[in-house]
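Asks: The following block contains the structure, expressed as structure tokens.
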There are 2 protein chains.
Amino acid sequence: MANRINHQWRLAARPEGLIKESDFTWTEEVVPELQDGQILVRNLYLSLDPTMRGWASRDTYLPAVPIGGVMRGGTIGVVEESRNANFKVGDHVSGLLGWQEYAITDGKGVNALPNLPGIPLTAHFGLFGHIGMTAYFGLLDIGQPKPGETLVVSAAAGAVGSLVGQIGKIKGCRVVGIAGADDKCKWLVDELGFDAAINYKTENVAAALKKHCPNGIDIDFENVGGEIMDAVLAQINFRARIALCGLISSYNATAPVPGPYNFANILVQRARVEGFIVMDYAPRAMECMTEMGKWLMEGKIKYRIDEVDGLKHAPLALNKLFEGTNIGKLVVKI
Amino acid sequence: MANRINHQWRLAARPEGLIKESDFTWTEEVVPELQDGQILVRNLYLSLDPTMRGWASRDTYLPAVPIGGVMRGGTIGVVEESRNANFKVGDHVSGLLGWQEYAITDGKGVNALPNLPGIPLTAHFGLFGHIGMTAYFGLLDIGQPKPGETLVVSAAAGAVGSLVGQIGKIKGCRVVGIAGADDKCKWLVDELGFDAAINYKTENVAAALKKHCPNGIDIDFENVGGEIMDAVLAQINFRARIALCGLISSYNATAPVPGPYNFANILVQRARVEGFIVMDYAPRAMECMTEMGKWLMEGKIKYRIDEVDGLKHAPLALNKLFEGTNIGKLVVKI
């Protein structure tokens with residue numbers, strides 16, 4: 001078979017502030033021969049996620065991507081060659097296969113994707129997979145919603161937040177989203193069934209929360225941190241749960257960022273803040289997929305894909321997450 | 001019976017920073033006649049606790065003490081008159097009976113204290129009651145210590161902290177205390193059996209934690225907040241528990257205080273921060289008293305009373321808690 005050329009984005013520098021294209025290098029290399037046990041995957045879609053900003057800069061729950069290494073990223077791809085009995089040519093798979101056109105892997109951490117008739121491949125990013133699991137387990141395991149409680153979701157028009165609010169509604173909560181544009185707020189209320197949405201760029205968040213959460217806040221699904229989290233913490237109820245999913249407001253910070261000024265309210269209200277990372281829930285992936293699939297069929301949950309065309313645009317497209325210009329799940333079509 | 005004169009400290013102003021004596025007014029009034037259902041208690045000891053700084057300034061988990069009102073405080077007293085069938089003259093009782101020599105109460109929230117032969121009354125402040133329960137339930141319920149884990153306690157030579165560390169040892173943990181004086185550190189290690197103690201006024205806390213917690217920190221019993229909590233948060237382990245008991249470093253603050261700069265490490269390490277207040281555990285008081293009494297008899301737990309003589313000294317004595325000049329439980333002998 002003719003030599004395949006693999007284009008890749010490699011990390012060139014630790015970014016300062018927002019990503020610059022010069023933080024990455026566009027490289028190409030010939031795809032080598034497979035060895036026993038390996039598969040060759042042609043990547044079709046790359047997931048862009050806020051956590052990548054951390055991977056590029058520092059050790060977090062995973063080691064920092066090394067300078068010169070292919071940038072880490074979750075992809076959906078198709079198996080083009082296989083010398084591994086667990087995968088056959090034509091299988092669709094997902095895994096952390098990087099910002100590149102081709103990946104060779106021994107299959108560890110790579111999942112074969114079921115064929116779901118009528119459901120596009122990108123659903124594995126928008127509804128199932130790491131996004132759906134983050135929303136599902138973060139809300140249900142950490143947030144522990146009960147009917148009649150009030151749930152606030154920040155970055156509510158993002159991939160995770162938009163699912164969290166809908167699951168909150170399924171579980172009988174009053175759901176209030178916080179987002180950064182009127183069209184996002186309209187989508188949350190009109191299309192996804194949120195009870196209310198707050199545009200933090202044009203509204204006073206504290207006053208709007210007071211208005212839309214007349215019984216206080218029982219659950220905060222926190223994606224943002226900073227001033228927005230502080231406004232929420234000021235209005236939490238006795239024994240509130242704060243599911244700490246992300247702190248996107250600080251990911252581009254170039255100086256140490258203080259924790260919430262209303263930290264003491266966690267004590268006063270006997271609240272609980274708990275961090276979680278989706279990969280810890282990998283053994284329970286099927287539970288989430290089953291439930292999400294059922295809700296999708298029943299018309300109870302919707303997702304939206306925000307698709308960027310071409311791997312070449314990946315570095316700057318990542319900034320959309322921090323500038324708030326995406327709605328729903330941001331993916332790159334490779 | 002001759003008229004009794006009741007001397008009282010009443011709140012005169014919302015304190016700014018450390019307490020000044022002028023924030024209180026020393027008043028006297030004649031003790032009125034009892035009505036049906038009431039008892040008259042002569043207070044013998046007043047407990048001084050960090051949380052009082054909050055009560056004087058603002059609504060917290062209890063409403064702020066009103067200006068002009070008798071300052072709120074837990075006392076141990078003796079019943080001098082009773083028109084309530086649940087209490088008889090001579091009973092020792094405890095409750096939130098205030099910074100005053102006498103209190104009249106209908107008995108709600110007042111507990112009769114058992115006579116424990118050979119154990120002084122002040123043990124109900126130093127080992128049992130709200131102090132013991134704070135240490136016991138905070139560590140066991142929120143901290144969930146397991147043998148072999150590492151527990152860090154801040155304000156470790158205080159009333160609660162000194163008990164927490166000892167209970168941690170009973171439960172098989174490695175226990176490291178943080179305190180503000182060499183004699184406190186010596187007491188923690190030599191007398192109470194802590195594995196190590198760090199003098200935060202003379203040592204680099206981060207470096208000392210690194211040295212004394214070679215396997216990282218699994219449980220933080222947090223009494224202090226601020227820089228000390230930040231140093232601890234930087235070294236927490238996967239699924240660490242932070243039992244949020246107090247944030248004494250900020251109680252005298254005159255401007256908003258930021259939360260911990262290492263807040264994001266809660267997410268990275270999938271840790272849990274949970275606030276608690278001892279009064280929520282009132283229904284389980286007997287469980288704590290039974291265990292603590294057993295440990296006392298077995299010589300496994302010690303407590304220390306730091307006694308101030310005379311109710312007149314109460315306002316300025318409260319500052320000892322914030323200046324760190326007390327060792328063990330601070331009480332006023334009335």
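Each value in this text was obtained by applying a stated rule to the coordinates, not by laboratory testing. What you are looking at is a predicted structure, and each value in this text was computed from that prediction instead of being measured. Cβ placement follows ideal geometry from the backbone for every residue including glycine, while neighbour counts extend to all protein chains displayed.
Asks: Counting other Cβ atoms within 10 Å of each Cβ, which GluC sites (Glu not before Pro) in region B:288-331 have at most 16 and sit in a DSSP loop?
Replies: Listed in order of number, the matching sites are B:Glu298.
Asks: Still on this structure: For region A:253-334, just say rounded, prolate or oblate: build the C-alpha gyration tensor, square-root its eigenvalues into a ≥ b ≥ c, call rounded for a/c under 1.5, and beyond that prolate if a/b exceeds b/c, oblate if not.
Replies: Oblate.
Asks: Sticking with this one: Using Cα pairs closer than 8 Å and at least 6 residues apart in sequence, work out the relative contact order for region A:129-279, in percent.
Replies: Worked out over region A:129-279, it gives 23 percent.
Asks: Under a no-solvent Debye model with one identical scatterer per Cα of the protein assembly as shown, what's log10 I(q)/I(0) at q = 0.11, 0.12 Å⁻¹?
Replies: -1.10, -1.23
Asks: Can you pull out the trypsin sites (Lys or Arg not before Pro) in region A:184-272 that DSSP calls coil and that have at most 11 other Cβ atoms within 10 Å?
Replies: A:Lys201
Asks: Residues with beta-carbon under 12 Å from that of A:Pro260, excluding A:Pro260: net charge, scoring Lys, Arg +1 and Asp, Glu -1?
Replies: Around A:Pro260, the charge tally is -4.
Asks: Take the alpha-carbon positions of region A:31-111, form their convex hull, and give its projected area averaged over all directions (one quarter of the hull surface) in nm².
Replies: With the hull built on Cα positions only, its mean projection is 5.4 nm².
Asks: List the lysines whose Cα sits under 24 Å from the Cα of A:Lys146, skipping any in the same chain fewer than 8 residues away.
Replies: Once the sequence-local lysines are set aside, what remains near A:Lys146 is A:Lys169, A:Lys171, A:Lys210, A:Lys211, A:Lys294, A:Lys300, A:Lys302.
Asks: At q = 0.07, 0.10, 0.14 Å⁻¹, work out log10 I(q)/I(0) for chain A with the Debye formula, treating every Cα as an identical point scatterer and leaving solvent out; two decimals please.
Replies: Per q value, in the given order, log10 I(q)/I(0) is -0.29, -0.59, -1.11.
Asks: Using the C-alpha gyration tensor of region B:100-147, what are the square roots of 5 times its eigenvalues, in whole angstrom, with the largest one first?
Replies: Largest first, region B:100-147 gives 27, 15, 9 Å.
Asks: Say a label goes 7 Å from Cα toward Cβ at B:Thr27 in every copy; what distances in nm does this one have to the rest, shortest first?
Replies: Those label-point separations list as 7.8 nm.
Asks: Restrict the search to region A:65-98; then list the trypsin sites (Lys or Arg not before Pro) that DSSP places in a loop and that have at most 12 other Cβ atoms within 10 Å of their Cβ.
Replies: When the trypsin sites (Lys or Arg not before Pro) of region A:65-98 are filtered for loop state and at most 12 Cβ neighbours within 10 Å, A:Lys88 remain.
Asks: Normalized C-alpha radius of gyration of region A:198-312, against 2.2 N^0.38 Å?
Replies: Compactness ratio reported: 1.30.
Asks: Report relative contact order for chain A in percent, whole number only (criteria: Cα-Cα under 8 Å, sequence separation at least 6).
Replies: Working: 722 pairs, mean separation 60.3, N = 334.
Dividing the mean separation by the residue count of chain A yields 18 percent.
Asks: Need one number for region B:56-177: average projected area of the convex hull over its C-alpha atoms, nm².
Replies: In nm², the orientation-averaged hull projection of region B:56-177 is 9.8.
Asks: Something else about it: Given the options A:Pro114, A:Pro145, A:Pro315, which has the most mean-square fluctuation in a GNM of chain A, springs set between C-alpha atoms less than 10 angstrom apart?
Replies: A:Pro114
Asks: Still on this structure, please answer the following. For region B:129-279, place one equal point scatterer on every Cα, skip the solvent, and apply the Debye formula. What is log10 of I(q)/I(0) at q = 0.10, 0.14, 0.16 Å⁻¹?
Replies: Rounded to two decimals, the profile gives -0.29, -0.58, -0.78.
Asks: A further question follows. Most fluctuating residue of B:Gly69, B:Gly161, B:Gly225 in a GNM of chain B with Cα springs under 10 Å: which is it?
Replies: Maximum fluctuation in the GNM of chain B, among the listed residues, is at B:Gly69.
Asks: Per the Kirkwood definition applied to all pairs of different Cα atoms, how many angstroms is the hydrodynamic radius of region A:140-221?
Replies: Answer for region A:140-221: a Kirkwood hydrodynamic radius of 12.2 Å.
Asks: Please list, or write none, the lysines whose alpha carbon is within less than 17 Å of the alpha carbon of A:Lys108, excluding same-chain residues fewer than 8 places away.
Replies: A:Lys88
Asks: Could you check which residue among A:Val176, A:Val308, A:Val160 shows the biggest mean-square fluctuation in a GNM of chain A with a 10 Å Cα cutoff?
Replies: It is A:Val308.
Asks: Counting Lys and Arg as +1 and Asp and Glu as -1, each charge on the Cβ, what is the dipole of region B:129-279 about the Cα centre in debye, to the nearest 20?
Replies: Roughly 360 debye for region B:129-279.
Asks: Given label points at 7 Å from Cα along Cα→Cβ, what nm distances, shortest first, separate B:Ile119 from the same residue in every other copy?
Replies: 6.0
Asks: Under a Cβ-only charge scheme (Lys and Arg +1, Asp and Glu -1), can you give me the dipole magnitude of chain B about the Cα centre, in debye to the nearest 20?
Replies: Dipole size: approximately 660 debye.
Asks: Fewest first, what order do A:Ile217, A:Ile266 take by the number of other Cβ atoms within 10 Å? All intermediate terms of the calculation are to be shown ahead of the outcome.
Replies: Working: A:Ile217 26, A:Ile266 23.
In order of increasing Cβ crowding within 10 Å: A:Ile266, A:Ile217.
Asks: Give me A:Leu296, A:Leu11, B:Leu116, A:Leu127 ranked fewest to most by other Cβ atoms within 10 Å of their Cβ, as a rough exposure proxy.
Replies: Exposure proxy ranking, most exposed first: B:Leu116, A:Leu296, A:Leu11, A:Leu127.
Asks: Between region B:208-278 and region A:53-68, what is the separation of their alpha carbon centroids in Å?
Replies: Each part reduced to its Cα centre gives a spacing of 24 Å.
Asks: Which ordering of A:Thr25, B:Thr51 is given by a fewest-first count of other beta-carbon atoms within 10 Å?
Replies: Details: A:Thr25 15, B:Thr51 22.
Lowest count first: A:Thr25, B:Thr51.
Asks: Report the convex hull volume per residue for region A:190-247, counting only C-alpha atoms, in Å³.
Replies: Hull volume normalised by residue count: 97 Å³.
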